Amino acid sequence: MKRGRALTGFLGEVARNLRSKPATILYPYEKVPVPEGFRGRIAILDEKCIGCSKCAIVCPTECIEMVPGERAVEVKGGRKILRKRKPEVHLFACIRCGLCEQYCPTDPKAIYLTTEPSGASTDKGIIVR
Amino acid sequence: MPEVVVPIGPYHPALKEPVNFRVIADGEVIVRLELDIAYNHRGIEKAAESRDFIRVVPLLERICGICSHSHTTNFVKGIEEAMGLTVPRRGQYLRVVVAELERMHSHLLWLGVAAHEIGFNTLFMWTWRDREAVQDILEEISGNRVNYAINEVGGVRRDLRPSAIPGILKRLDVLEKRTERYLELLRHEPTTAIRFQGVGRLSRAQALEYGTVGPTARASGIDYDIRKDDPYVLYEEMPFAVVTNGHGDVYGRTLVRIGELRESIRIIRHALENLPQGAVRATPPRVAPRAEILSRYEAPRGELSHFIRTNNTDRVERLDVRTPTLANWTSVAVSLVGQHLADIPVVVAAIDPCLSCTSRITVVDEGLARTSVLTWDELRAHGIRFYREKEGL
Amino acid sequence: MTEPAAPVTPARVVEAMADFGLVTTPRRNRVRIVVSRDRIRDGLLRVQGQLACDHVVHIAAVDNGSTFELHYSLTGPHRLIVTLAVAVPRDDARVVSVHDLLPPAGIYERQIHDLFGIVFEGHPNLKRLILTEDWPEGEYPLRKDWKMDPNRSYGGAVTEAK
Amino acid sequence: MTEVWLLVLYAMVFPGVLFLVIYALFLQYVDRKIAARTQNRVGPPLVQPFADVVKLLSKEDITPEGVDRRGMRAIPLLAFAAVATAFLYVPVIGTSPFAFEGDLVVVLYLLTLPTILLFVLGWVTRNIFAAVGGTRTVTQLFIYEVPFFLALLGPAIAAGSWSISEIMAWQGANLILAILQPIGFVVALIGLQAKLERTPFDIPEAETELVAGPWTELTGRKLAVMRLTMDMALVAGSGLIAALFLGGPATPWVLEPAWLGGLVGFGVFVLKTLGILLILALVRAGMGRVRIDQLNDFGWKYLATAAILQILIVLLMVGEVWA
């Protein structure tokens, strides 16, 4: 008896699925919705960066490289300093853990994760500047 | 029919990860089997010794893609114990929420894999569809669908937005209905019944003798669950029951996992509804004093234990990981003897083996001057030469 | 998993195991006993017999420099973790196998043998488990003094420096 | 249709080989689409099966070392030819012009040929998975073939003829046999499912155990032809069951002109085969794979018994009505 009910339940679901919309989407043509706070592609806000290298130190994959990028920047308290270096990220070595964003001392963050998916590429060496 | 050696793996459609069984079968019945798991060694234990506590957590998360939260929670709670650090209640509750969501997605994934192993692809697709809902919740909480990157020494890295909670609870209701449906289906669908019942049987005594853990042990009637036996991250405040049964076969393990899905939903509901206010993390000291910790955790696959030794520095002196899969392997070899060839996939799958967890330790030669990028032809030539020599051709 | 007559408490473990060596209780449900290398089987038998430990949690190996340390952690229905710590000298890295007392120990011992080079005497199948099959013999990567030899092949095809 | 060129047209174009190939690909599409939709997926586009065949045809064709190259190449072609020939006797528009007394037996044997060839294939390709799969193929053949033949014997006894077209005509005069012989109909459907090695009877090629069973070493063109053969066997098998149990393409009234009758008959054929496919596809979607020993139990205990029971009932009925 119970068995019969379970099986009709199963067949009912099969019939419902035949009528309803598929759960999958045709990916490159339809976009996947991402929630607020999604960890996506990394981005750098160069004018805020003070060149402190904290991001490069905490990065677990060591994908952040500090390169020369001299520029006058404002630090907390309105003081102006001359920064020596700026970060560059090897995009496909980045695991989007967000530690760099967490440890970045500036406000707004000079290095942060966007909500845009990283996507794929045939070029392994893409660098985010 | 004489004895035949059926090589299963390292590349085989039934295995999602590389492992090699040499199955010696007499016709369709298995006589003996030999096991080799050395295909996935990544040197994580060695690498962990050279990273500080901030940078080691994302590494440990990558021991396994499915139980990533288990490894990090187990590690950070060990380090917190060594430091004598108290983690804020809200942080602990969030750890529990993510841990139970992880258990749910792991069990749903397992259910799909088990169904696929017996060729029941509809059930496979359905469970994986529902698993998406769990991952959506995880994505909402942590920003990632796998490898949540939410743990750190001292607490969790992200707070949960209060506005997200009603949506999550609504999704849990749907998942609860689905869980009941799967339970009903597995109990009554004829092909799953004949393929699961009586297959890969382990008696209670055998399960104890071969040191099984997790759902494998609980399906043999052993009441062994670290969440109850050695409570961590406030599990003592959570309402749940340890699911056991006495079937001892693949069917029993399936029932245990589905039962745990239910319990997980209960825990998550409780945790979200009673989420304490306050901070989600405490600031940890930079170094951990000298200590020796055996940290245990009930991962979806069973008891996970990390042996951690710290030595007054900001990194571990030794991290020894014992994964649930390694504990369960011995029992697989035992329970497969005398079974049919056709049962290998489902019996192996029944412990939910996670090989990337188990053989995690090839050495990354960062310091080496030469690059280790091989062209396809070089790799192919090497493979052919190696096996010629090995097989004496 | 039958409870012994007296409930197993840390105090009882201390009492039962006092003749083996230093017994410490680092935490509420953890007991650590230092056992000498020759008495490890006796220790395990005692733990299994008198303290009803029937489940091996972990066999951990640590490199202490001049010695290796093996930690056999067991538990039972009392959920108390009893750890037997055994020191094994580095230049004579041998210890007797306990695969017959604890069947799951067989696979853990293989793993430790593979990574630390500790020989478990009496183990029936001490073959390579974790490392790749073309890993060189006699190299144990988890020893602290292990350094990669740039002139050796550690598996995979050898390519020249670029 | 007595002129030779008409016969050639019939054999080669419509409803012969060309149509068979196209319709086989279409049925594969329907089958995959139904499976996908029950699983809540989108499923393949209409041209996907065709694209698959084209892709496979363009792929590298590998013969394993030490295997007889010509023999291995001949196997898929032989299977293809057997199924294509069998299809000539299956009525698609009206009756088949090749029909003769006894064509039912010929069709059954021709449809068995691909299975036997799969076993041979498994045996010659020197692969352990293929060999085990080949053994399972034959074991399974012994299990389902007897009930399947018995089930198809029922209509022949009832109609008193060994010709598919005659049986069809008999159903036109009486009732369709799915109603008269429901047990036989069900057994025949199960037998067909097993013959086509579809879940729950895909034991010989169980992916998670034997990689692809006898198919393991097939690549490129050989694989394309073999897969096409199995799809064609689906058309031929469902067409056969449609003819024997559902009255085939016959229409209960005579339509004028003749081409209209043919067209309607063809439509009826398509509808009936699609109906049978729907059942087969739902069974495939709704079940897991059984084990060979479990199939043995099921086949001999229940399936064979049911088939024999049906034959006894038919014999009794025939005796009563026509004695």
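Taking the criterion of being at the interface with chain B (Cβ under 7 Å from one of its Cβ atoms) and in contact with a helix residue (DSSP H, G or I) (Cβ under 6 Å, 6 or more places away or on another chain), the residues of region D:291-303 that qualify are D:Arg291, D:Ile292, D:Gln294.
Of all residues in region C:103-121, those being closer than 17 Å to B:Arg42 by Cα and facing another protein chain (nearest Cβ under 10 Å) number 4.
So that you can scan it fast, the table gives a plain yes or no per residue for (1) at pLDDT below 85; (2) within 21 Å of D:Ala24 (Cβ to Cβ); (3) of a type in the set (Gly, Ala, Ser):
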| site | (1), (2), (3) |
| --- | --- |
| D:Ala224 | no, yes, yes |
| D:Met230 | no, yes, no |
| D:Pro252 | yes, no, no |
| D:Leu260 | yes, no, no |
| D:Phe269 | yes, yes, no |
| D:Gly275 | no, yes, yes |
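Quick grid of which residues meet (1) over 19 Å from B:Thr325 (Cβ atoms); (2) of a type in the set (Ser, Thr, Tyr):
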| site | (1), (2) |
| --- | --- |
| C:His55 | no, no |
| C:Phe68 | yes, no |
| C:Ser73 | no, yes |
| C:Gly76 | yes, no |
| C:Arg79 | yes, no |
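Could you grab me the full set of residues in region A:35-69 that are closer than 30 Å to B:Leu160 by Cβ and among the β-branched types (Val, Ile, Thr)? Result: A:Ile42, A:Ile44, A:Ile57, A:Val58, A:Thr61, A:Ile64. Flag: D:Glu217 does not match the condition of being surrounded by fewer than 21 Cβ atoms within 10 Å (Cβ to Cβ) and out of contact with any strand residue (DSSP E or B) (no Cβ under 8 Å at 6 or more places or on another chain). In the set (1) surrounded by 23 or more Cβ atoms within 10 Å (Cβ to Cβ); (2) modelled with pLDDT of 80 or more, the condition left unmet by B:Glu81 is number (1). Of B:Asn20, B:Asn74, all but one fail to be more than 30 Å from B:Val96 (Cβ to Cβ) and among the polar types (S, T, N, Q); the exception is B:Asn20. Taking region D:1-117 and the helices (runs of 4 or more DSSP H) fully enclosed by it, the elements with 2 or more residues that are at pLDDT 85 or above are at D:17-38, D:48-58, D:69-88. The residues of region B:162-207 that are surrounded by 21 or more Cβ atoms within 10 Å (Cβ to Cβ), more than 9 Å from chain A (Cβ to nearest Cβ) and either acidic (Asp, Glu) or within 30 Å of C:Cys53 (Cα to Cα) (or both), listed by number, are B:Val199, B:Gly200, B:Leu202, B:Ala207. Taking the criterion of being away from chain C (no Cβ under 14 Å) and not aromatic (Phe, Trp, Tyr), the residues of region B:214-245 that qualify are B:Pro215, B:Ala219, B:Val233, B:Leu234, B:Glu237, B:Met238, B:Pro239, B:Ala241, B:Val243, B:Asn245. Filtering A:Pro22, A:Pro68, A:Pro33 for residues that are farther than 22 Å from A:Pro108 by Cβ, more than 8 Å from chain B (Cβ to nearest Cβ) and assigned to a strand (DSSP E or B) leaves a single hit, A:Pro68.
Can you report the number of residues in region B:99-129 which are under 18 Å from B:Val256 (Cα atoms), crowded, with 24+ Cβ neighbours inside 10 Å, within 14 Å of chain D (Cβ to nearest Cβ) and of a type outside the set (A, V, I, L, M, F, W, C)? The number of residues fulfilling the criteria is 0.
For every residue, the table says whether it meets (1) more than 13 Å from A:Pro117 (Cα to Cα); (2) β-branched (Val, Ile, Thr).
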| site | (1), (2) |
| --- | --- |
| A:Leu7 | yes, no |
| A:Leu11 | yes, no |
| A:Ser20 | yes, no |
| A:Ala23 | yes, no |
| A:Val32 | no, yes |
| A:Arg39 | no, no |
| A:Ile42 | no, yes |
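Residue under question is A:Glu88, and the condition is that it be in contact with a strand residue (DSSP E or B) (Cβ under 9 Å, 6 or more places away or on another chain), crowded, with 16+ Cβ neighbours inside 10 Å, within 11 Å of chain B (Cβ to nearest Cβ) and at pLDDT 85 or above; does it hold? Criteria not met by A:Glu88. Among the conditions (1) surrounded by fewer than 24 Cβ atoms within 10 Å (Cβ to Cβ); (2) modelled with pLDDT of 85 or more; (3) more than 14 Å from chain D (Cβ to nearest Cβ); (4) over 30 Å from D:Gln294 (Cβ atoms), B:Ala133 misses just one, which is (3).
Scoring C:His78 on the criteria (1) surrounded by fewer than 20 Cβ atoms within 10 Å (Cβ to Cβ); (2) over 18 Å from the mean Cα position of the chain (by Cα); (3) not β-branched (Val, Ile, Thr) leaves a single failure, condition (1).
Per-residue answers, yes or no, for (1) of a type in the set (A, V, I, L, M); (2) over 25 Å from B:Thr72 (Cβ atoms); (3) out of contact with any Leu (no Cβ under 9 Å at 6 or more places or on another chain); (4) outside any helix (DSSP H, G or I):
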position: B:Pro215; (1), (2), (3), (4): no, no, yes, no
position: B:Arg218; (1), (2), (3), (4): no, no, yes, no
position: B:Ile222; (1), (2), (3), (4): yes, yes, no, yes
position: B:Lys228; (1), (2), (3), (4): no, no, yes, no
position: B:Val233; (1), (2), (3), (4): yes, no, yes, yes
position: B:Ala241; (1), (2), (3), (4): yes, yes, yes, yes
position: B:His247; (1), (2), (3), (4): no, yes, no, yes
position: B:Arg253; (1), (2), (3), (4): no, yes, yes, no
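Within region C:122-139, if we keep just the residues that are touching a Ser or Thr at 6+ places or on another chain (Cβ under 6 Å) and more than 20 Å from B:Glu45 (Cβ to Cβ), the residue that is surrounded by the fewest Cβ atoms within 10 Å (Cβ to Cβ) turns out to be C:Gly122. Does B:Gly252 qualify as being touching a Lys or Arg at 6+ places or on another chain (Cβ under 9 Å) and on the phi > 0 side of the Ramachandran plot? For B:Gly252, the condition - touching a Lys or Arg at 6+ places or on another chain (Cβ under 9 Å) and on the phi > 0 side of the Ramachandran plot - is not met.
Considering region B:23-69, the residues that are charged (D, E, K, R) and not in a loop (DSSP other than H, G, I, E, B) include one that is nearest to B:Val96 (Cα to Cα), namely B:Glu61. Is one or more of the residues making up region B:40-62 among the acidic types (Asp, Glu), within 14 Å of chain D (Cβ to nearest Cβ) and surrounded by fewer than 18 Cβ atoms within 10 Å (Cβ to Cβ)? No: region B:40-62 contains no residue that is among the acidic types (Asp, Glu), within 14 Å of chain D (Cβ to nearest Cβ) and surrounded by fewer than 18 Cβ atoms within 10 Å (Cβ to Cβ). The C-beta contact set for region B:293-322 (first residue farther than 22 Å from C:Val82 by Cβ and within 9 Å of another protein chain (Cβ to nearest Cβ), second residue part of a loop (DSSP other than H, G, I, E, B) and of a type in the set (Asp, Glu), distance under 9 angstrom, 6+ apart or interchain) comprises B:Glu317/B:Glu49. State yes or no: is D:Ile179 farther than 30 Å from D:Phe50 by Cβ, over 20 Å from the mean Cα position of the chain (by Cα) and either modelled with pLDDT under 80 or not aliphatic (A, V, I, L, M) (or both)? In short, yes.
The values are calculated or read from the model by the stated rules, or taken from the named source; none is laboratory data. None of the values given here were measured: they were computed from a predicted structure. Neighbour counts are summed over all protein chains in view; Cβ atoms, including those assigned to glycine, are modelled from backbone coordinates with ideal geometry.
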